[in-house]
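Notes to accompany the following structure.
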Amino acid sequence: MENQQFLEDKVVLITGAGSGFGREMAKAFAQKGANLVLNDINLEGLEETRDVILKSVKSDILLVKADISEVDEVKEMSKETFNRFNDVFILVNNAGVRGVGKRASSFSLSAKEAEYERIMDVNLKGAWNMTKIFHKKMRNNPYRPIAGKIINITSCAGTECGANPLIGIYSVSKAGLIMFTKLWALELGASHITVNAICPGIFFTPIYESREFIKEWMKLRNVKLPIDRIGETTDVANVALFLASSAADYITGQNIVLDGGMTCSINKL
Ligand SMILES: NC(=O)c1ccc[n+]([C@@H]2O[C@H](COP(=O)([O-])OP(=O)(O)OC[C@H]3O[C@@H](n4cnc5c(N)ncnc54)[C@H](O)[C@@H]3O)[C@@H](O)[C@H]2O)c1
């Protein structure tokens with residue numbers, strides 16, 4: 001594939017980088033030489049991510065505390081980013097919420113209005129805010145053949161065979177993000193920007209309370225994984241690195257499912 005430092009002098013912006021996938025992707029990108037803009041609403045989490053990275057590699061890291069669902073905060077993030085760096089090569093729309101409260105699970109028709117608004121505002125409008133504001137500068141990037149890359153973190157809950165009534169509004173928000181991935185690929189292709197999504201199945205991150213909670217939850221939904229293990233954050237980071245690399249330059253508009261086979265069949269062995 002690429003040389004070891006294929007992201008040297010490139011800037012990667014990751015939302016929701018204060019924990020989980022966001023932190024793991026930040027580590028992986030920094031190991032390939034990237035400088036980073038790390039965003040989250042949780043500043044302590046961001047500082048921890050930065051400190052973990054700087055223990056093992058050199059990277060110029062800007063931390064931006066901002067709520068991506070608030071357009072004014074995203075505009076401010078853009079100002080801070082371009083005061084520090086000339087451009088952003090990769091935007092990762094990763095920040096997301098499952099529900100209101102860690103254990104939150106509800107049928108779409110029982111969800112409270114505030115829950116509906118929060119989930120849609122962060123998972124869907126947040127990614128739209130980020131892309132709407134940052135693509136303007138990305139399309140002028142000097143890099144070729146690809147000027148920039150956008151990676152959305154969707155979910156199997158948003159796919160046709162993954163609709164999950166226990167997290168109904170979340171499922172809808174992620175289905176919307178999968179469609180945005182395709183629309184943005186169409187809208188930005190002529191600007192040499194690729195847009196793809198990583199679509200995780202079940203992974204242990206702080207979005208869940210504990211591994212036991214995930215196991216209970218899988219039992220409740222009768223989920224069986226052909227590859228019989230819960231996913232690890234490094235699985236997602238590895239696919240993000242692939243999408244960031246030139247090996248993926250001809251891929252756009254795709255929702256790459258990473259679920260140990262969970263959604264490939266209704267015939268469970
Ligand atoms: N863990 C899984 O099994 C799984 C499966 C499919 C998809 N996902 C998706 O992966 C992404 C990352 O989640 P994770 O599992 O790493 O969970 P996580 O809770 O560890 O990470 C999400 C991060 O987003 C941040 N965040 C929340 N609202 C924000 C906002 N308004 N602005 C900025 N940051 C905000 C949180 O503070 C948190 O640090 C999410 O979009 C999630 O929906 C996770």
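The values are calculated or read from the model by the stated rules, or taken from the named source; none is laboratory data. Quick caveat, the model's predicted, so the values are computed rather than measured. FYI the Cβ positions are ideal-geometry reconstructions off the backbone, even for glycines, and counts take in every protein chain you see.
Name the pairs: first residue in segment 113-125 and more than 10 Å from the ligand (Cβ to nearest atom), second residue among the β-branched types (V, I, T), Cβ to Cβ under 8 Å, at least 6 apart or on different chains?
A114/V100; E115/V100; E115/I169; Y116/I169; M120/I169; M120/V172
Being surrounded by fewer than 19 Cβ atoms within 10 Å (Cβ to Cβ) and either modelled with pLDDT under 95 or outside any helix (DSSP H, G or I) (or both) is the filter here; which residues of segment 20-40 pass it?
G33
In the set S171, S155, which member is near the ligand (Cβ under 10 Å from one of its atoms), in contact (Cβ under 8 Å) with a residue 40 or more places away in the chain and in contact with a helix residue (DSSP H, G or I) (Cβ under 7 Å, 6 or more places away or on another chain)?
S155
For segment 174-209, what are the residues that are of a type in the set (A, V, I, L, M), modelled with pLDDT of 95 or more and within 11 Å of the ligand (Cβ to nearest atom)?
Matches in segment 174-209: L177, A197, I198.
Take the residues in segment 229-248 that are outside any helix (DSSP H, G or I) and out of contact with any strand residue (DSSP E or B) (no Cβ under 6 Å at 6 or more places or on another chain), then tell me which one is farthest from the ligand (Cβ to nearest atom).
Restricting to residues being outside any helix (DSSP H, G or I) and out of contact with any strand residue (DSSP E or B) (no Cβ under 6 Å at 6 or more places or on another chain), the top hit is S245.
Considering G96, G16, which residue is part of a loop (DSSP other than H, G, I, E, B) and at positive phi?
G16
Answer yes or no as to whether V71 is more than 16 Å from the ligand (Cβ to nearest atom), touching a helix residue (DSSP H, G or I) at 6+ places or on another chain (Cβ under 6 Å) and of a type outside the set (S, T, Y).
So V71 fails the test.
Of the residues A185, A197, which is of a type in the set (G, A, S) and within 13 Å of the chain's Cα centre (by Cα)?
Of the residues listed, the single one that is of a type in the set (G, A, S) and within 13 Å of the chain's Cα centre (by Cα) is A197.
I need the full set of residues from segment 75-91 which are within 14 Å of I14 (Cβ to Cβ) and in a helix (DSSP H, G or I), in order please.
M77, T81
Within segment 44-65, is even one residue without any contact (Cβ under 8 Å) to a residue 60 or more places away in the chain, in a loop (DSSP other than H, G, I, E, B) and within 13 Å of the ligand (Cβ to nearest atom)?
No: segment 44-65 contains no residue that is without any contact (Cβ under 8 Å) to a residue 60 or more places away in the chain, in a loop (DSSP other than H, G, I, E, B) and within 13 Å of the ligand (Cβ to nearest atom).
Which residues, counting only those in segment 216-228, are away from the ligand (no atom under 13 Å from the Cβ) and without any contact (Cβ under 8 Å) to a residue 24 or more places away in the chain?
E216, K219
Taking segment 249-261 on its own, how many of its residues are outside any strand (DSSP E or B) and in contact with a helix residue (DSSP H, G or I) (Cβ under 8 Å, 6 or more places away or on another chain)?
5
Only residues that are more than 12 Å from L62 (Cα to Cα), surrounded by 15 or more Cβ atoms within 10 Å (Cβ to Cβ) and among the polar types (S, T, N, Q): list them for segment 75-89, please.
none
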